[in-house]
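The values are calculated or read from the model by the stated rules, or taken from the named source; none is laboratory data. Please read these numbers as outputs of a predicted model, since none were measured by experiment. Cβ sites come from the backbone with ideal geometry, for glycine too, and all protein chains shown count toward neighbours.
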């Protein structure tokens, strides 16, 4: 099983009151969503492995957010940060830190909820759809702009997950052999339906100009 991983390194601070390590499965690649995500006009979607790998750098440093009802997104209620992302098999996994001191209610909920109760939902921009006439939309390019923590049953992909690390854990880091530094310019942005190397009409673009355009 091939593992592709990227991470940004934050200095370790023992017992940091505002860092509560988390890990989760953000989405599945090359598999159709269980239900249509918001912004997909009622279509289920498939995020290709190639699109996910290309977009990994855009995920690092992005925030995780939540709503008190745990059933949606609020990009202005940012309660943590993603510092690690990898694709293992069909799972796109993430790890990072919850801002435990700033959002004690979120940490409390995560500690008190039943195992496997919580999931995650991605937020995308500049998503390119291979064929918008298809019943299931295939996303060939996208940029991650964040993610939400929500009830697993509310996510478009039911096999996502979110959990805090044991209290004794101080940090989550990538294995040294797999760690890569992310530099500016690692990803390219595609806007207004322009895809280099493709003739017009071969790939449709569904561009979102608001923060919540693609959220599942």
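Given the structure, is residue 135 more than 16 Å from residue 23 (Cα to Cα) and either at pLDDT below 95 or surrounded by 13 or more Cβ atoms within 10 Å (Cβ to Cβ) (or both)?
So residue 135 does not fit the description; no.
So which pairs qualify, if the first residue must be in segment 7-33 and on the phi > 0 side of the Ramachandran plot and free of Cβ contacts under 8 Å to residues at least 12 places away in the same chain, the second must be in a strand (DSSP E or B) and buried (at least 21 other Cβ atoms within 10 Å of the Cβ), the Cβ gap must be under 6 Å, and the two must be at least 6 apart or on different chains?
No pair meets every condition.
For segment 9-22, state whether one or more residues are crowded, with 19+ Cβ neighbours inside 10 Å and closer than 16 Å to residue 150 by Cα. So that I can check it myself, show each step before the final result.
Kept after step one, since they are crowded, with 19+ Cβ neighbours inside 10 Å, are these residues of segment 9-22: 19-22.
Restricting the remaining residues to those that are closer than 16 Å to residue 150 by Cα gives 22.
Yes.
Does residue 41 qualify as being modelled with pLDDT of 95 or more and either surrounded by fewer than 19 Cβ atoms within 10 Å (Cβ to Cβ) or part of a loop (DSSP other than H, G, I, E, B) (or both)?
Details: modelled with pLDDT of 95 or more: no; either surrounded by fewer than 19 Cβ atoms within 10 Å (Cβ to Cβ) or part of a loop (DSSP other than H, G, I, E, B) (or both): yes.
For residue 41, the condition - modelled with pLDDT of 95 or more and either surrounded by fewer than 19 Cβ atoms within 10 Å (Cβ to Cβ) or part of a loop (DSSP other than H, G, I, E, B) (or both) - is not met.
With respect to the numbered conditions (1) part of a strand (DSSP E or B); (2) buried (at least 18 other Cβ atoms within 10 Å of the Cβ), which one is the sole condition not fulfilled by residue 58?
(1)
Taking the criterion of being modelled with pLDDT under 90, within 17 Å of the chain's Cα centre (by Cα), in a loop (DSSP other than H, G, I, E, B) and buried (at least 18 other Cβ atoms within 10 Å of the Cβ), would at least one residue in segment 29-37 satisfy it?
no
Can you name the number of the only condition in (1) under 28 Å from residue 134 (Cα atoms); (2) in a loop (DSSP other than H, G, I, E, B); (3) touching a residue at least 40 places away in the same chain (Cβ under 8 Å) that residue 75 fails?
(1)
Hey, any hits in segment 106-114 for a residue that's in contact with a strand residue (DSSP E or B) (Cβ under 8 Å, 6 or more places away or on another chain), touching a residue at least 24 places away in the same chain (Cβ under 8 Å) and assigned to a strand (DSSP E or B)?
Scanning segment 106-114, I find no residue that is in contact with a strand residue (DSSP E or B) (Cβ under 8 Å, 6 or more places away or on another chain), touching a residue at least 24 places away in the same chain (Cβ under 8 Å) and assigned to a strand (DSSP E or B), so the answer is no.
Tell me whether segment 160-170 contains one or more residues that are part of a loop (DSSP other than H, G, I, E, B), buried (at least 22 other Cβ atoms within 10 Å of the Cβ) and touching a helix residue (DSSP H, G or I) at 6+ places or on another chain (Cβ under 7 Å). If you could, list the steps in order and put the result at the bottom.
Taking segment 160-170 and keeping what is part of a loop (DSSP other than H, G, I, E, B), we get 160, 165-170.
Pick out the ones that are also buried (at least 22 other Cβ atoms within 10 Å of the Cβ) and you get 160.
Narrowing further to those that are touching a helix residue (DSSP H, G or I) at 6+ places or on another chain (Cβ under 7 Å): 160.
Yes, some residue in segment 160-170 is part of a loop (DSSP other than H, G, I, E, B), buried (at least 22 other Cβ atoms within 10 Å of the Cβ) and touching a helix residue (DSSP H, G or I) at 6+ places or on another chain (Cβ under 7 Å).
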